[in-house]
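**Student:** Structure in structure tokens, see below.
The values are calculated or read from the model by the stated rules, or taken from the named source; none is laboratory data. All values reported here derive from a predicted model rather than from experimental measurement. Glycine gets a Cβ as well: all are built from the backbone with ideal geometry, and neighbour counts include every protein chain shown. We work out accessible area using only protein heavy atoms, side chains counted, and drop any ligands, DNA or RNA first. Shrake-Rupley method; radii C 1.70, N 1.55, O 1.52, S 1.80 Å.
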Amino acid sequence: MQGGFGRLFFCLFRRTCPVTTTAIVSALHEELAAVLALMPDEQQQVVGGRTFWRGHLHGHDVVAVLSGIGKVAAATTATVLVERFGVQRIVFTGVAGGLAPGVRVGDVVVAQRFLQHDMDASPIFPRHEVPGYGRASFDADAALTAQLARASERVLRALPSQLGPEVLNAFELQTPRCHQGLLISGDRFVSTTAESQALREALPEALAVEMEGAAFAQVCHDYGVPLAVVRTISDRADDAAHVDFPRFLREVASRYSGAIIDALLTQR
Ligand code: SAH
């Protein structure tokens, strides 16, 4: 907006209608690149060795950031987003390994609950319980999650046909589905059939496994900030998990991330 009047109007408008700042977070570069491509005016700010991109997306105030991989990187990023950037809601898009039998490569999981599968202070606390909280799992924000699920379903209906037959065949993507439920996180890339089987036995409700979601959920719980997480299934967390990972990221997951955030922020 240019000129003195414009700026004055903008400031008055902001004062009377406080703006909600949304954080858009990904763990990997390919995923965030698709989101940054949608932002016309982003400006960089480096805090704690991480680059935060402030700008707008479909008229929303947005801070986009790469969290990095793992729970510590995720918790630091979430804390800086809340403390330094004052974000009022956080949306995470990324990839995950499918665990539950029907959760296939190319499907999408929208988290309703989060749990750290490698948290174990037993026998002092029950396995998976986070000491000091009296609970093992943390909830996603119901309203934001419902919006994210709607956006994901919209993208799943349209995007696969745009990927082209070569990519669809390479990853055997048929009719991708959107699942909602428990997402589990830990500081391990789960890439053996034995390990994913052990996780299924310990946590039969878990739909998918990744490395950041539950850390975001704990920080968001501490600060009372709404969180929603969507993960495209890149692998089955088994012996073949690493094989096509980079190609899937490049050709499928990054397109899903951009399209889902686009659909979320254009939703009424
Ligand atoms: N090869 C990548 C590293 C991927 S680490 C690189 O070179 O950067 C895995 C990332 O994808 C994490 O952010 C994690 O959240 C998610 N992920 C996907 N599949 C996973 C699996 N099977 N187990 C754990 N995390 C997984």
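**Student:** Output the residues belonging to the range 163-200 that are in a loop (DSSP other than H, G, I, E, B), modelled with pLDDT of 95 or more and over 22 Å from the mean Cα position of the chain (by Cα).
**Tutor:** If the condition is that a residue be in a loop (DSSP other than H, G, I, E, B), modelled with pLDDT of 95 or more and over 22 Å from the mean Cα position of the chain (by Cα), then Thr192 is the only one that fits.
**Student:** Okay, moving on. Sort out which residues of the range 38-90 are open to solvent by less than 50 Å² (accessible area, probe 1.4 Å) and farther than 22 Å from Ala140 by Cα, and write them in order of number.
**Tutor:** Residues satisfying the conditions are Met39, Val47, Arg50, Thr51, Phe52, Gly55, Leu57.
**Student:** Another question, if that's okay. Tell me the residue from Thr266, Thr232 that is open to solvent by less than 20 Å² (accessible area, probe 1.4 Å) and among the β-branched types (Val, Ile, Thr), please.
**Tutor:** Only one candidate passes the filter, namely Thr232.
**Student:** Between Ala140, Ala237, Ala215, Ala241, which is within 11 Å of the ligand (Cβ to nearest atom), closer than 19 Å to Ala27 by Cβ, under 20 Å from the mean Cα position of the chain (by Cα) and at pLDDT 95 or above? Before the answer, list the steps.
**Tutor:** Numbers: Ala140 fails: within 11 Å of the ligand (Cβ to nearest atom); Ala237 fails: at pLDDT 95 or above; Ala241 fails: at pLDDT 95 or above.
That would be Ala215, the only listed residue that is within 11 Å of the ligand (Cβ to nearest atom), closer than 19 Å to Ala27 by Cβ, under 20 Å from the mean Cα position of the chain (by Cα) and at pLDDT 95 or above.
**Student:** Could you go through the range 138-146 and let me know if any residue there is part of a helix (DSSP H, G or I), open to solvent by 10 Å² or more (accessible area, probe 1.4 Å) and closer than 30 Å to Gln45 by Cβ.
**Tutor:** yes
**Student:** What's the total number of residues in the range 122-137 that are surrounded by fewer than 18 Cβ atoms within 10 Å (Cβ to Cβ) and either of a type in the set (A, V, I, L, M, F, W, C) or not in a strand (DSSP E or B) (or both)?
**Tutor:** So the count comes out to 10.
**Student:** Oh, and also: Name, by its number, the condition in (1) modelled with pLDDT of 95 or more; (2) more than 16 Å from the ligand (Cβ to nearest atom); (3) loosely packed, with under 15 Cβ neighbours inside 10 Å that does not hold for Ala149.
**Tutor:** (3)
**Student:** What are the residues in the range 118-162 that are hydrophobic (A, V, I, L, M, F, W, C), closer than 30 Å to Glu251 by Cα and touching a Leu at 6+ places or on another chain (Cβ under 8 Å), if any?
**Tutor:** Residues satisfying the conditions are Ala140, Leu144, Leu148, Ala151.
**Student:** Right, Val225: buried (at least 24 other Cβ atoms within 10 Å of the Cβ) and β-branched (Val, Ile, Thr) or not? If you could, list the steps in order and put the result at the bottom.
**Tutor:** Numbers: buried (at least 24 other Cβ atoms within 10 Å of the Cβ): no; β-branched (Val, Ile, Thr): yes.
Here the answer is no, as Val225 does not meet what is asked.
**Student:** Which ranges mark the strands (runs of 3 or more DSSP E) fully within the range 31-108 that have 2 or more residues being under 13 Å from the mean Cα position of the chain (by Cα) and either in contact (Cβ under 8 Å) with a residue 40 or more places away in the chain or under 27 Å from Gln162 (Cα atoms) (or both)?
**Tutor:** 60-66, 89-98
**Student:** Looking at the range 109-121, which of the residues that are away from the ligand (no atom under 12 Å from the Cβ) and more than 15 Å from the chain's Cα centre (by Cα) is most open to solvent (accessible area, probe 1.4 Å)?
**Tutor:** Per the criteria, the residue is Asp120.
**Student:** A further question follows. I'd like to know if the range 184-201 contains one or more residues that are of a type in the set (Phe, Trp, Tyr), open to solvent by 60 Å² or more (accessible area, probe 1.4 Å), near the ligand (Cβ under 10 Å from one of its atoms) and touching a residue at least 24 places away in the same chain (Cβ under 8 Å).
**Tutor:** The answer is yes; a qualifying residue exists.
**Student:** Starting from the range 249-268, take each residue that is at pLDDT 90 or above and list its partners that are open to solvent by 40 Å² or more (accessible area, probe 1.4 Å) and among the basic types (Lys, Arg), counting only C-beta distances under 7 angstrom and pairs at least six apart or across chains.
**Tutor:** Cβ pairs passing all conditions: Ala263/Arg154.
**Student:** Return a yes/no flag: does the range 175-183 have any residue that is basic (Lys, Arg), within 13 Å of the ligand (Cβ to nearest atom) and in contact with an Asp or Glu (Cβ under 7 Å, 6 or more places away or on another chain).
**Tutor:** Among the residues of the range 175-183, not one is basic (Lys, Arg), within 13 Å of the ligand (Cβ to nearest atom) and in contact with an Asp or Glu (Cβ under 7 Å, 6 or more places away or on another chain), which makes the answer no.
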